[in-house]
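Data first, discussion second: the structure below is written as C-alpha cells.
The values are calculated or read from the model by the stated rules, or taken from the named source; none is laboratory data. Note that this is a predicted model, so its numbers are computed, not measured. Here Cβ is always computed from backbone atoms with ideal geometry, including for glycine, and neighbour counts include all displayed protein chains. Just the protein is used for accessible areas: all its heavy atoms, side chains included, with ligands, DNA and RNA removed. Shrake-Rupley method; radii C 1.70, N 1.55, O 1.52, S 1.80 Å.
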Amino acid sequence: MQTSFYFDQTRCSGCYACVLACQSWHSDSSEAISWREVLTFEKGTFPDVSVAFLSLSCCHCLHPACLEVCPVGAISKRESDGIVIVDTDVCLGKDECGKCKVACPYDIPKFGGENNAKMQMCDFCFERLEKGQKPICVMVCPLEALNFGSTEELKNKYKNATRETEGFVHDPQVSASILFNPKYN
Amino acid sequence: MGDHGNQSIPTACCHDCGGRCPYIVHVEEGKARKVEPYPDPALRPCVKVYAFPQKVHAEDRLLFPLKRTGARGDGKFNRISWEEALREVATQLKRVRDTYGASSILGLTANGAVGYLHSPLVLWRLLNMVGGFTNRWGSASNQAAHWASLVNYGTVGTGNSHDDLVNSRLIILWGWNALETMYGTGTPYYLVKAKEAGAKIIYVDVRFTNTAAVLANQWIPIRPGTDTAMLLSMAYVMIREKLLDEDFLKTYTVGFEYFSNYVLGKEDGITKTPLWAEGITGVKADTIEALAREYSTTKPAALMPAYSIGRTSFGAQPFRAAMTLAAMTGSIGISGGNAAGVGSRPGTSGTLGGPGSFPVGESPSEPVLPGGIKPLVVDHSLHKQYRIHTAMVWDAMLTGKAGGYPADIKMVYIACTDCLNQWSNTNKAAEAIKKPEFVVIHEQFMTPTARFADVILPVNSHWERNDCFRGLDYTAYGNKIIEPLGETKSDFEICCELAEKLGIEGYSDKSEDEWIRNVVPEPRDRAGNILSYDEFQKQGIAFTPIREQPIIAFKEQITDLKPFPTPSGKIEIYSEQLVRMGNPDLPPIPKYIPTWENIDDPLAQKYPFQLVTFHPPRRVHSVFYNIPAINKLEPSVVWINSRDASMKNIRNGDKVKVFNDRGATVLMATVTERIIPGVVAIAEGAWYIPDEHGVDHGGNPNVLTKDAPTPCGGIPYNTVLVQIERS
C-alpha cells in the first residue's frame, strides 16, 4: 500500500494554514521550519491575470531519489504504507552531505538554519495516521483542498485526477505519490 | 477529554476579524502547544490560530506592570508592582476627574478582544462609574456600510446566511476579498461550494487578490473611490434597456424616480452612461454594459459590496447605489439574492458581540437619554456633540475645546487597541499623545501605542481566562487553557481591582464565570437540544439559533409585506430623513461625489499614486506582527503594477519609500500584474517603527492616511495620494 496526497489546485487560496499548522504540530520552537510550503504561480499580464497555488511537502515517492543517494541509509521507506522517513540521528547533515536535496526533483528536503543542520521532511503525520487521524495539513485546510489516502482509494474517489499540475511536473523516475485536480486543463 | 494525563481543551479565537473561530488546544505535560480544528470544514480557522502557541508563549509578552522612565515615547520602562501601578492609575483618574471634570478623561478602546466578557466594555463600565469619560465614535471598519444600510433598510440585518450562497447563479464580489478577510468563519468554504455548484463569480476590485485567484471567472479592476460611478452607469443601462423589476420597485421602495432622474441626467445635466463611468473608473464601457445586463437578467444574483469601498471619502454612496441596484433587480428578500447592505444577520445588533453583552451603564459625560447614545443611527449630531470621531482623537488631544471638541483631554485610558498604529495619521498621533498629562494602557506586548504610555498594565491572553465568543451561527466557549503568565490579569480583573482602589461599589457583583453564564444566550447543540452550561463549556461550541434553511434577510418584508423599519416603511432609495439633515455630502439619493485626494486633484502632480490599505491576510490588523512565524509569511510590502514600477525604475524586492505630506514609510516593492496601474497597496497593521527623521521602517500605511471623518462617520483609509521612489 502506498499512502498518497491529493491536492485540489482549483481550491487552494494560498492561505498558509497547512504550512504553519505543520510547523507548530511538529515543533514547539519558534525557530522551527515547516515541512510544507506554498508556492505561488502568477500568469499573464494586467488585466488578464491568473494565479495558482501549490501546497507541497515530501510526496513519499515510489522510488525516492533521496533514499537512493543517502550515503548512510538515514532515509527509509516504510513497507506498510510507503511513507518515507528520515532518521536525523543518522543523517550526516547539510554541510557534510546534503546529497538528498540535490537529488530530489522537487527540492523537498528541508534544513534548519543551524550549522550542519540535519535533514527534515514530512513524515505524513504517521503518528496521527496510526491513531486513525488525518495528517494535520489535511485536517486544517479551510477549503478542503488537501486530502490523503492510499493511491488506489484516491484514484477511485477522484476519477479525473492527474499526476501533474501548474508548478508540478511528473517525474517517472521517482513517481511521486500525489494526485491533483489541476487549475488549468 | 483526558488522555494519559494530557488534555484536549476546546477554545476560540478572541481577535477582531470577521470570524470567531473555535478550535482545540492540546495540553501535553502541562504545556499548551498544539492547535487543531474541529472536523467540520465550515468551522475551520485560518492560519493565525496555528501561531497562538508562539504568540501566547512569546518572549516579548509583557508579564509585569511597567512605569515609564524616559521621555514619553522613548520606550523606557521600569517594572513596578501591581499595588503601585493600580494606585497610580486610580490617583490619576481621581485627580483628573476632580481637577478638570470627567470628560477630560478620553477612553480609547477598539476590538482587540471581542469576548462576551473580556472586551472594551469592562473599561467603559469602570470609567462611567468613575464619573464619565469622553468616548470616540465612528467605526474604522464598517461605518459606511452600517450607515447606508440604516438609511435604505432601517436595519443592519441585511445579510442572508452564507450557506445560501450555493443558491446564487451569479455572485458579484465588489471589493470583497472574502477568502482572506473571513466575514464569518466558513464563508470561504460556502463561496467555494457556490462556485462548484455552478455560480459565476465576478470580482470587482483594485487588486487581483487570492479570492480572485480561486473564485473569479472575471476580474474587473477599478480605480479606488470610483465604485459609485460604475454602479450608477450600470443603473443607467438597466433603465435604458428596461431591465428593471418594476413591480418590486413599486411595491417595496420609495423615490426611485428621483434616482432615475439623476442617472438620466435630468437633475445635473450629466447622463451617467457607461462611457461617462469609463473615464472615472478605468473600466471599459463595454464591460460595464455587459455586467449590468448580466446582473439584471441572471436570477437569482447576489451583489456583494464589501466594507473596503466604504473606507473612501464618500463611502456611503457606493453602498446606497449597490442597494438601489439590488432593488432594481428584485434581488432583496430572496434565496440566492443579496440586499447589498452591510451583511449582518437579521435580528443581530450588527456586531458580532451580539446581545447580552457586558452592561456598561450610563455615561454621566453624555446626555442621559434612554439607552444613552446609540451606536447605530443615521443622524450623528449627538455623537458630534459629546464624542470625538475616531479619526480626530489626535487632533482633539492637540486642540481640545478650542478646536471644537467636547473636552480638553488631560488623561487617556487605552485598552484593547493599538490605536496609534491603526487610526489615521500615525505621525500626528505620535506627537499628540505626548500632550495629555497621563496615559495608561492595558497591553500584552510593547506595541507602538504602548511605547507612549506612562503606565502599562499587562493583560493576559485569551488562553489564560474563560470567555465566550459569538460566531455567525454558533457561540464558542473560549476555555482557559493555562494559568495567566507572569503577573498578567484580564481587563475585567484590572477594572475590578481599580474599582476597589477607587472606592467604587457595585462594579461587579459576579465572578468571571457568573458573568459569562449571565451574558451568554441559552446554548443548544446542533439538534436544538438545550445544553447545560457545563456541557457547553466542555464541548466548546453551541449553535444559536437552530435552523434547517438558510436565513434570508427581509423575507418577511417581501413575502408578507411587513413594513421595513424605515420612516416610510419601504426601502428608501430616496430618504426624506437625509433631506431634513441637509448635508450635501449625504444626498437623499446615492450620488457620485469625487473623492478628496483623487487623480484629478492638483495634489496628484506631487503625489500621483492612489494608495489603498487592505487587511493583512495573515495578521489580525496589528496583532501577530511581532510573532516571527506570522511575520515571515506577511512581510511588509507595497504592491505596484509592473508598468508603474518600470516607469519608477523599481524592481521586485527593491526597498522603496512611499510618502506624502503626512509621512513616509520604507518597505519592499512587490512588482505584480495583480493591481491596477496608478494604484499602490499596503496591508494595514504593520507596526510603526520611526527613525530619528520620523520615517517609518515598519511598513505602516497609516503614516500616509488622512485624519478626517467621512460624512457618514467613517475613516477614508482608501482615499490617499502618495508618491513612491526607490529608497
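Below are the figures for this structure:
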| quantity | calculated |
| --- | --- |
| Filtered residue count, region B:106-120, keeping only those that are at pLDDT below 95 and buried (at least 22 other Cβ atoms within 10 Å of the Cβ) | 10 |
| Of all residues making up region B:378-415, the number that are in contact with a helix residue (DSSP H, G or I) (Cβ under 7 Å, 6 or more places away or on another chain) and not aromatic (Phe, Trp, Tyr) | 15 |
| One residue from B:Ala90, B:Ala71 being more than 14 Å from chain A (Cβ to nearest Cβ) and touching a helix residue (DSSP H, G or I) at 6+ places or on another chain (Cβ under 6 Å) | B:Ala90 |
| Qualifying positions in region B:611-670 - hydroxyl-bearing (Ser, Thr, Tyr) and within 25 Å of the chain's Cα centre (by Cα) | B:Thr613, B:Ser622, B:Tyr625, B:Ser636, B:Thr665 |
| One residue from B:Ser141, B:Ser149 being buried (at least 24 other Cβ atoms within 10 Å of the Cβ), touching a helix residue (DSSP H, G or I) at 6+ places or on another chain (Cβ under 8 Å) and under 18 Å from B:Gly18 (Cβ atoms) | B:Ser149 |
| Wholly enclosed strands (runs of 3 or more DSSP E) of region B:610-727 bearing at least 1 residues farther than 28 Å from B:Ala145 by Cβ and either out of contact with any strand residue (DSSP E or B) (no Cβ under 6 Å at 6 or more places or on another chain) or open to solvent by less than 10 Å² (accessible area, probe 1.4 Å) (or both) | B:637-641, B:655-660, B:663-672, B:720-726 |
| Given (1) over 20 Å from B:Phe554 (Cα atoms); (2) in a helix (DSSP H, G or I); (3) over 23 Å from the mean Cα position of the chain (by Cα), index of the condition B:Asp164 fails | (1) |
| Of all residues in region B:472-510 being surrounded by fewer than 23 Cβ atoms within 10 Å (Cβ to Cβ) and among the small types (Gly, Ala, Ser), the one that is nearest to B:Asp534 (Cα to Cα) | B:Ser508 |
| Elements of type helices (runs of 4 or more DSSP H) contained in region B:207-262, each with 3 or more residues being open to solvent by less than 10 Å² (accessible area, probe 1.4 Å) and either within 14 Å of chain A (Cβ to nearest Cβ) or in contact with a Pro (Cβ under 9 Å, 6 or more places away or on another chain) (or both) | B:210-215, B:227-240 |
| Residues located in region B:167-187, provided they are open to solvent by less than 10 Å² (accessible area, probe 1.4 Å) and assigned to a helix (DSSP H, G or I) | B:Ala178, B:Thr187 |
| Candidates B:Glu505, B:Glu514, B:Glu497 - the one that is among the acidic types (Asp, Glu) and either assigned to a loop (DSSP other than H, G, I, E, B) or modelled with pLDDT under 90 (or both) | B:Glu505 |
| Breaking point among (1) modelled with pLDDT of 95 or more; (2) farther than 27 Å from B:Tyr189 by Cα, for A:Ser177 | (2) |
| B:Arg61, sole failed condition from (1) within 8 Å of chain A (Cβ to nearest Cβ); (2) farther than 18 Å from A:Ala17 by Cα | (1) |
| Those residues of region B:364-389 which are more than 23 Å from B:Tyr717 (Cβ to Cβ), at pLDDT 85 or above and in a loop (DSSP other than H, G, I, E, B), in sequence order | B:Pro364, B:Ser365, B:Glu366, B:Asp379 |
| Options B:Gly678, B:Gly713: the member that is within 14 Å of chain A (Cβ to nearest Cβ), modelled with pLDDT of 95 or more and at positive phi | B:Gly678 |
| Residue satisfying all of: in region A:135-171; under 17 Å from the mean Cα position of the chain (by Cα) and open to solvent by 60 Å² or more (accessible area, probe 1.4 Å); farthest from B:Tyr189 (Cα to Cα) among these | A:Val169 |
| Test: B:Leu603 is modelled with pLDDT of 95 or more and over 26 Å from the mean Cα position of the chain (by Cα) | yes |
